[in-house]
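Each value in this text was obtained by applying a stated rule to the coordinates, not by laboratory testing. The shown structure was predicted, so the numbers you read here are calculated from the model rather than taken from an experiment. With ideal geometry, Cβ positions are generated from the backbone for all residues, glycine too; neighbour counts draw on all protein chains shown.
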Amino acid sequence: MASIPGTIYWYRKIFLSEQVQIVHGHSSFSAMAHESMLHAWCLGIHTVFTDHSLFGFADASAILTSKLLLQYSLINVDQTICVSYTSKENTVLRAKLNPQKVSVIPNAIVKCMFQPDLEKFSQKPITVIIMSRLVYRKGSDLLVNIIPEVCSRHPTVRFVIAGDGPKRIPIEEMREKYKLHSRCEMVGMLPHNKVRDLLVRGHIFLNTSLTEAFCTSIVEAATCGLHIVSTKVGGVPEVLPDDFITLAEPESYQLSEALLQAIHQLETGKLISPQERHDRMSPMYQWPSVAERTEVVYYSAINDRPGTIKERFKK
């Protein structure tokens with residue numbers, strides 16, 4: 001926020017020269033989003049904010065974000081968008097917003113980019129795909145216990161891990177300790193156009209996030225025909241039908257058991273086919289729908305009567 005005075009001139013010039021009617025900011029931690037919305041409000045321009053993440057209420061970063069950024073910044077916002085109902089509840093509580101001015105619009109993907117590969121899916125051995133940033137918030141520490149436990153109880157299952165981060169080192173050490181190099185492949189960071197090619201190598205997608213507002217990666221994996229095993233956190237239970245996903249608490253033992261259960265169901269033919277998953281996912285989470293619902297929010301923002309400074313600070 002230290003750059004607010006220095007950006008006034010440029011934001012004002014852009015907003016006026018482009019005849020901007022709505023400024024839409026994204027992410028609680030984006031200084032640019034909060035600065036642009038503040039300057040827009042000062043110029044009488046309507047504002048919309050989208051929150052993509054969940055935060056706690058007790059740790060230092062969450063308190064700082066909720067108090068200094070959200071409560072003081074979003075007090076001026078006309079409409080707010082969240083990606084799940086859990087995310088909406090979290091944002092309303094943290095920023096002390098009027099729930100009637102908070103809409104839920106989930107993320108979307110381009111379905112044609114995530115076609116299943118039935119030939120690869122029929123191949124053995126069973127492969128579990130993990131794709132995320134290797135950081136604490138994504139539950140990467142849990143993998144150190146889950147992978148050797150599952151490998152010890154199933155003779156052929158393989159893991160493929162895509163992503164990078166500080167938690168890659170403990171995972172590499174785990175591979176060394178249990179001699180799992182042939183059964184646990186590390187592919188590092190992937191460009192987005194390579195995501196589908198990796199997903200179709202697998203049968204099951206494992207998500208170990210400790211907090212998640214929506215989780216687009218499980219939508220991409222399910223559209224590619226993979227069964228999902230995930231932590232039961234945040235907005236994840238809202239995202240997929242019950243027969244698409246196996247949920248467990250964010251603990252190593254419970255996730256291991258859930259993963260082994262999914263592997264057994266796959267081996268015994270009790271899971272639905274990849275093509276059926278893709279077909280059922282196709283009408284869901286489409287960008288045209290997101291655009292239409294966002295347009296409704298924009299019109300609501302424009303039709304809102306701007307409150308006076310006194311009215312806003314009485315909230």
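Below, the figures for the structure above:
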| item | result |
| --- | --- |
| Approximate spin-label separation Lys194-Ile126, in nm, with each point projected 7 Å along Cα-to-Cβ | 2.8 |
| Computed label-point distance, nm, for sites Asp117 and Ile169 using a 7 Å Cα→Cβ extension | 3.4 |
| Restraint check, Lys179/Lys232; Lys124/Lys194; Lys124/Lys270; Lys138/Lys194; Lys88/Lys138, Cα-Cα greater than 24 Å | Lys179/Lys232 |
| Label corresponding to log10 I(q)/I(0) by the Debye sum over Cα atoms at q = 0.08, 0.11, 0.14 Å⁻¹ when calculated from the structure given, among [x] -0.35, -0.67, -1.08; [y] -0.48, -0.78, -1.07; [z] -0.43, -0.76, -1.07 | [z] |
| Neighbour-count ranking [beta-carbon atoms within 10 angstrom, fewest first] of Arg277, Arg158, Arg168 | Arg168, Arg158, Arg277 |
| Antiparallel content of DSSP bridges confined to the chain, in %, to 5 | 0 |
| Dipole of the chain, positive direction: furthest Cα of Val229, Leu260, Tyr298, with charges on the beta-carbon | Tyr298 |
| Convex hull volume per residue in cubic angstrom - Cα atoms of segment 111-281 | 100 |
| Theoretical gain in end-to-end length, Glu176 to Lys232 [0.36 nm per residue, Cα-Cα removed] | 17.2 nm |
| Estimated [θ] at 222 nm from DSSP helical runs (n ≥ 4, -39500 (n - 2.57)) normalised by residues in the chain, nearest 500 | -12500 deg cm²/dmol |
| Two-site label geometry, Tyr299 and Thr7: point separation in nm, points 7 Å out along Cα→Cβ | 3.1 |
| Those aspartates and glutamates that a straight Cα-Cα span of less than 15 Å connects to Lys96, excepting residues fewer than 8 apart in one chain | Asp51, Asp78, Glu311 |
| Residue exposure sequence - Val233, Val296 - by fewest surrounding Cβ within 10 Å | Val296, Val233 |
